[in-house]
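The values are calculated or read from the model by the stated rules, or taken from the named source; none is laboratory data. This one's a predicted model, so the numbers in the text were calculated from it and none came from an experiment. Here the Cβ is made from the backbone with ideal geometry for all residues, glycine too, and neighbour counts use every protein chain on show. For the accessible areas, the whole protein counts, side chains as well, though only heavy atoms, and no ligand, DNA or RNA atoms are used. Shrake-Rupley method; radii C 1.70, N 1.55, O 1.52, S 1.80 Å.
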Amino acid sequence: MHLFLVFLVFFLLKLSMAQADNIDIFSEQEDLSLFFDADELYVKSASRIKETISEAPAVVNIITARQIRTLGARNLMDVLVTIPGFTEIQDTNEKVVAGRGVFATTTHKFLLLRDGHRLNEPMFEEIMPANAISLTSIKRIEVLRGPGASLYGNAAFLGVINIITLDANAPSQASVVMGNFGEIGADFVINEKFNQDRQLLLFASVRHASGEIVNLPANQDMAANPVAGSQKIASRPFNFDVGMKYKRKTSLIAFSARRAAYNTPRSNNGALLTHADTLVKPIQVFETQHLDVQLLPQWHDIHFTLRHYADRSFLRTPQYVQTARDARPLGKAFDLRIESARAGIEYSAVIAHDGGELILGTQLENFWLLNSSIKTSFANNSTMVAFPNLAQVSEWNGALYAQEKYHITPHLIVNAGIRWDYYQSFGHALNPRLALVYNPFDELYMKAIYGRAFQAPSYFYRTKNKGLGYGSPTGLTPEKLENVQISVENTFLNKTWLRMTMFHNRIKNLITRPVGATSYQNIGGLITQGIETEIKIKVTKSMEIFANHALTIPVSSGTDAKLMALGKLANIPRDAVTAGVTWKSASALSGSVYMNWHSNIASPIVGATAAQSNPSNAIPAAALVNMTLNADDVLDGMQAQLSLHNLLNKRDWRGGTTRIPYPQLGRNILLTLGYRL
């Protein structure tokens, strides 16, 4: 019924406008370039072929380098939470992004690519969106909401995020960043164009943030023996992202390395850390390296992509299970280190034919657990004791996939794809996608999309861990998602662009370790649905108003309490709004003011005692205002940016896999000075 009403409103409004103007509605031409940059009008990630965002078999958002700068984004998380359906979540030892009401202890249900190469680390498929990813090396980010497993396989569960790096025409640049809470950083890009078909791109981004220290009363401490104390917020010691890309017309070589470090603010049971907790230094560190070699030959109308890749990851995560005052004398802690790798090949071909394009591809990959070490103080709460390492392992997986995009009529496109994956560890997964794109008028597009996806269980979850005392010796099956999306977009009077998307997610076999359990398990499922609305209004040539609203509600749940609380989605707002204005003057000045608002959020408190617990706890509604001012190309190439996040210094809170919601960062002031080389 809702879908019918949406279609009816759009159709009648369009028809009445055409009749009022006494014009032929099929010949009317409204230019999307009024609302979008040239880099926003097309997408490649949705079908692995270049196509307009309106024709793509997915709900697509494009974020350009100009928008990243205009909004003053500090990291990828800042970019994602301006898109409807994305929510920032607090984990015990990192920041996590949720998609349409679904999250886990790591951000592993989104596929993160850079120029098509997977940046998810090999063991957990973690992407670490709040930590260092070079933003100055980005030309555009393509974000696909909904499953992408029919083309990409594992981890393309809730969406696909593809970072496209700068092309050969972008200038070289360097900048430094200074801010409160001990934040400093530097960025540089060296971009050389040797001739029409050769480019060398070098980039580096380095950040360090001491974090904000917030004093908290004893009722915010989840220890059995609570005390008043303090907590660090957004402490990220020495993060970096460095890389290179050498591109020719028929080949590409890329390498990158990241360090993502996060200072864990509390123990795993929600207790505040004090000076007595000295067994481990609770800073989680991911270090990853990625190598991608592509050959791009062409034979007649067939374009080949022959990709060869290798990735390595090192994780160190020291954590407190209980602090010294609850597990005397020094506390219950562990220090886990894991080194893993993967390598593989992926060959695909795009075959152009009358009426469309056919894509065929195959992939073969191997995963290795190289080394691991585990130390715990569980025996006596005073000495870190080494346990036998996780068994080294080598596992392979392969895939075949195909996709056909076909123009049935000039106004109707069908896009159908399917991918078959086989994993040595659990068997096979078959994931189709079917999309119909209908364009009855030049500016009106309607999409109906059905897709399935899977999340392969990590080797860490499937293996018995003697040191930590848990695992899943009986084996796990993949998480599964079925998704339906209906999307309608239109432009009105060359002034307004509007898109409405309805979604329905059905998730089965969710993997989690319930509180008190000794193994990871497939526990039930979750059904969510919602409506996402986006609008852009062109006020003048240099000023634009933008807004979006996401409504996310549960239909049913059979999972544990991490995702549901008293019939509501836990730690996910029912309503979330992003709204603001961007502007650009003729004198190279630009800026933005925008707000992120969320409704009340159900966020249960699970204390060490019944008196501390509150299953009906809720985070109050809050509106955080951000402002950015930019001065570009002044004084012969100089650039400056002043960004103020949480301008009004509101104290917001976030829960997730934590026992209690954590306070979030206060007013964050950053000054960036740069120069175009």
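Quick notes on this one:
- Qualifying residue in segment 460-467 (condition: open to solvent by 20 Å² or more (accessible area, probe 1.4 Å), farther than 24 Å from Thr107 by Cβ, in contact with a strand residue (DSSP E or B) (Cβ under 6 Å, 6 or more places away or on another chain) and in contact (Cβ under 8 Å) with a residue 12 or more places away in the chain): yes
- Subset of segment 435-481 (residues that are assigned to a strand (DSSP E or B) and more than 22 Å from Ile413 (Cα to Cα)): Ala453, Phe454, Gln455, Asn465, Tyr470, Gly471, Glu479, Lys480, Leu481
- Those residues of segment 541-570 which are closer than 26 Å to Met627 by Cα and in contact with a strand residue (DSSP E or B) (Cβ under 6 Å, 6 or more places away or on another chain), in sequence order: Ser542, Met543, Glu544, Ile545, Phe546, Ala547, Asn548, His549, Ala550, Leu551
- When restricted to residues that are under 30 Å from Asn366 (Cβ atoms) and among the hydrophobic types (A, V, I, L, M, F, W, C), segment 68-122 contains 11.
- Among residues of segment 157-174 that are among the acidic types (Asp, Glu), those with a beta-carbon under 7 Å from a residue that is open to solvent by 20 Å² or more (accessible area, probe 1.4 Å) at least six positions away or on a different chain give the pairs Asp167/Lys139.
- Candidates Arg452, Arg499, filtered to the one that is under 30 Å from Met543 (Cβ atoms) and of a type in the set (Lys, Arg): Arg499
- Looking across segment 275-284 at every residue that is of a type in the set (A, V, I, L, M) and outside any strand (DSSP E or B), the one that is least open to solvent (accessible area, probe 1.4 Å) is identified as Val280.
Conditions tested, residue by residue: (1) assigned to a strand (DSSP E or B); (2) in contact (Cβ under 8 Å) with a residue 60 or more places away in the chain; (3) among the polar types (S, T, N, Q).
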| residue | (1), (2), (3) |
| --- | --- |
| Val176 | yes, yes, no |
| Asn191 | yes, no, yes |
| Ser230 | yes, no, yes |
| Tyr246 | yes, no, no |
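- Residue count for segment 524-557 satisfying the condition of being crowded, with 18+ Cβ neighbours inside 10 Å and in a loop (DSSP other than H, G, I, E, B): 0.
- Residues being over 22 Å from the mean Cα position of the chain (by Cα), more than 23 Å from Met502 (Cα to Cα) and outside any strand (DSSP E or B) - total across segment 559-572: 4
- Lone unmet requirement of (1) over 23 Å from the mean Cα position of the chain (by Cα); (2) open to solvent by less than 40 Å² (accessible area, probe 1.4 Å) for Tyr246: (2)
- Residues (buried (at least 21 other Cβ atoms within 10 Å of the Cβ) and part of a loop (DSSP other than H, G, I, E, B)) located in segment 94-105: Glu94, Arg100, Gly101, Phe103, Ala104
- Taking segment 512-523 as the range and being touching a residue at least 60 places away in the same chain (Cβ under 8 Å) and either open to solvent by less than 50 Å² (accessible area, probe 1.4 Å) or touching a helix residue (DSSP H, G or I) at 6+ places or on another chain (Cβ under 6 Å) (or both) as the test, the residues that pass are Thr512, Tyr520.
Residues are listed down the side, and each one gets a yes or a no for (1) β-branched (Val, Ile, Thr); (2) modelled with pLDDT of 95 or more; (3) crowded, with 17+ Cβ neighbours inside 10 Å:
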| site | (1), (2), (3) |
| --- | --- |
| Asp632 | no, no, yes |
| Met638 | no, no, no |
| His645 | no, yes, yes |
| Lys650 | no, yes, no |
| Pro661 | no, yes, yes |
| Leu670 | no, yes, yes |
| Arg676 | no, no, no |
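- When Leu158, Leu113 are checked against the criterion of being open to solvent by less than 20 Å² (accessible area, probe 1.4 Å), at pLDDT 95 or above and closer than 30 Å to Gly567 by Cα, a single residue qualifies: Leu158.
- All conditions but one from (1) in contact with a Phe, Trp or Tyr (Cβ under 7 Å, 6 or more places away or on another chain); (2) under 18 Å from Gly101 (Cα atoms) apply to Ser599; the one that does not is (1).
- Scanning segment 349-373 for residues being more than 16 Å from Tyr423 (Cα to Cα), in contact (Cβ under 8 Å) with a residue 12 or more places away in the chain and open to solvent by 20 Å² or more (accessible area, probe 1.4 Å) gives a total of 11.
- Residue check for Gly148: out of contact with any Asp or Glu (no Cβ under 9 Å at 6 or more places or on another chain), open to solvent by less than 20 Å² (accessible area, probe 1.4 Å) and on the phi > 0 side of the Ramachandran plot: no
- Residue, nearest to Thr288 (Cα to Cα), within segment 364-381, restricted to residues that are hydrophobic (A, V, I, L, M, F, W, C) and in a loop (DSSP other than H, G, I, E, B): Phe378
- Tabulated pairs, segment 256-274, first part of a loop (DSSP other than H, G, I, E, B), second among the aromatic types (Phe, Trp, Tyr), C-beta under 9 angstrom, 6+ apart or interchain: Thr264/Tyr320; Pro265/Tyr662; Ser267/Tyr320; Asn268/Tyr320; Asn269/Tyr320; Gly270/Tyr662; Ala271/Tyr320; Leu273/Tyr320
- Among the residues listed as Ser487, Ser472, the single one being open to solvent by less than 30 Å² (accessible area, probe 1.4 Å), modelled with pLDDT of 90 or more and of a type in the set (Ser, Thr, Tyr): Ser487
- Residue selected from segment 597-623 under the condition open to solvent by less than 40 Å² (accessible area, probe 1.4 Å) and not in a loop (DSSP other than H, G, I, E, B), by the criterion modelled with the lowest pLDDT: Ile605
- Restricting segment 285-304 to residues that are touching a residue at least 40 places away in the same chain (Cβ under 8 Å) and farther than 18 Å from Leu113 by Cβ, the residue that is least open to solvent (accessible area, probe 1.4 Å) is Ile302.
- Within segment 416-446, the residues that satisfy the criterion of being open to solvent by less than 20 Å² (accessible area, probe 1.4 Å), closer than 27 Å to Gly525 by Cα and either of a type in the set (Lys, Arg) or touching a strand residue (DSSP E or B) at 6+ places or on another chain (Cβ under 6 Å) (or both) are Gly417, Arg419, Asp421, Ala429, Asn431, Arg433, Ala435.
- Some residue of segment 205-217 being farther than 30 Å from Pro661 by Cα and modelled with pLDDT of 95 or more: yes
- First in segment 305-327 and over 11 Å from Leu279 (Cβ atoms) and part of a loop (DSSP other than H, G, I, E, B), second anywhere and open to solvent by less than 40 Å² (accessible area, probe 1.4 Å) and of a type in the set (A, V, I, L, M, F, W, C), Cβ under 9 Å, 6 or more apart: Arg325/Ala223; Arg325/Ala271; Asp326/Ala223; Asp326/Ala271
- Residue in segment 562-579 that is among the polar types (S, T, N, Q) and surrounded by fewer than 18 Cβ atoms within 10 Å (Cβ to Cβ) present: no
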